[in-house]
Amino acid sequence: MSALAADLGLEAEITAGSDSSSWPNSPARGGRLHVTLLGSPLAPAAITVIAGLIAASGANIDRISRLAQRPVTCIEMDVSGGTGCAPTDLARAAAEQGVDVAVQRGGLRRGPCG
């Protein structure tokens, strides 16, 4: 992840964690995740790629909310079920699409995943 960020001229903060299936709110355990996408522009193709990765993991996107429109567009996907998509896969796909992504545990007390 650090190498990918460096290649893109970005800084990344990496927090080591355990296998995602052991997270208390992991989709693999029936928990929830919040996947936030941010871009200027946030093209439909980028949303499609990220949503496709989530769906391929067997998870469900329960709701999509727009959090901001100008000067950048930001949406949040509430995700549940499935085996969980690795945050690194989402980050790589987002970088390829030219957008930013954040993955957080669901619930009132959000925090980074992986």
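The values are calculated or read from the model by the stated rules, or taken from the named source; none is laboratory data. Worth saying up front: this structure is predicted, and the values here are computed from it rather than measured. No Cβ is skipped: glycine too gets one built from the backbone with ideal geometry, and neighbour counts run over all protein chains shown. Areas reflect the complete protein model, heavy atoms only, side chains present, ligands, DNA and RNA absent. Shrake-Rupley method; radii C 1.70, N 1.55, O 1.52, S 1.80 Å.
Given the conditions (1) modelled with pLDDT under 95; (2) open to solvent by less than 30 Å² (accessible area, probe 1.4 Å), which single one is not true for D62?
Exception for D62: condition (2).
Just to be sure before I move on: is A16 more than 14 Å from the chain's Cα centre (by Cα), modelled with pLDDT under 75 and open to solvent by less than 60 Å² (accessible area, probe 1.4 Å) in the structure I sent?
no
Can you tell me which residues in segment 58-79 are among the charged types (D, E, K, R) and in a strand (DSSP E or B)? Working first, answer last.
First, pick out the residues of segment 58-79 that are among the charged types (D, E, K, R): 62-63, 66, 70, 76, 78.
Once the filter is applied, which keeps residues that are among the charged types (D, E, K, R) and in a strand (DSSP E or B), segment 58-79 yields D62, R63, R66, E76, D78.
Can you spot a residue in segment 80-98 that is over 25 Å from S2 (Cα atoms), part of a strand (DSSP E or B) and at pLDDT below 95?
Step one: list which residues in segment 80-98 are over 25 Å from S2 (Cα atoms), which gives 80-82.
Adding the requirement that they be part of a strand (DSSP E or B) leaves 80.
Add one more test, that the residue is at pLDDT below 95, and what stays is 80.
Scanning segment 80-98 turns up at least one residue that is over 25 Å from S2 (Cα atoms), part of a strand (DSSP E or B) and at pLDDT below 95.
Give me a count of the residues in segment 55-77 that are of a type outside the set (K, R) and under 23 Å from S40 (Cβ atoms).
Step one: list which residues in segment 55-77 are of a type outside the set (K, R), which gives 55-62, 64-65, 67-69, 71-77.
Next cut, under 23 Å from S40 (Cβ atoms) only: 61, 64-65, 67-69, 71-77.
Final tally of qualifying residues: 13.
Can you find a residue that is open to solvent by less than 50 Å² (accessible area, probe 1.4 Å), farther than 18 Å from V101 by Cα and at pLDDT below 90 anywhere in segment 31-54?
Checking segment 31-54: at least one residue is open to solvent by less than 50 Å² (accessible area, probe 1.4 Å), farther than 18 Å from V101 by Cα and at pLDDT below 90.
Working only within segment 73-107, note down all residues that are open to solvent by 20 Å² or more (accessible area, probe 1.4 Å) and under 18 Å from G9 (Cβ atoms).
Across segment 73-107, the qualifying residues are A91, R92, A95, E96, Q97, G98, D100, V101.
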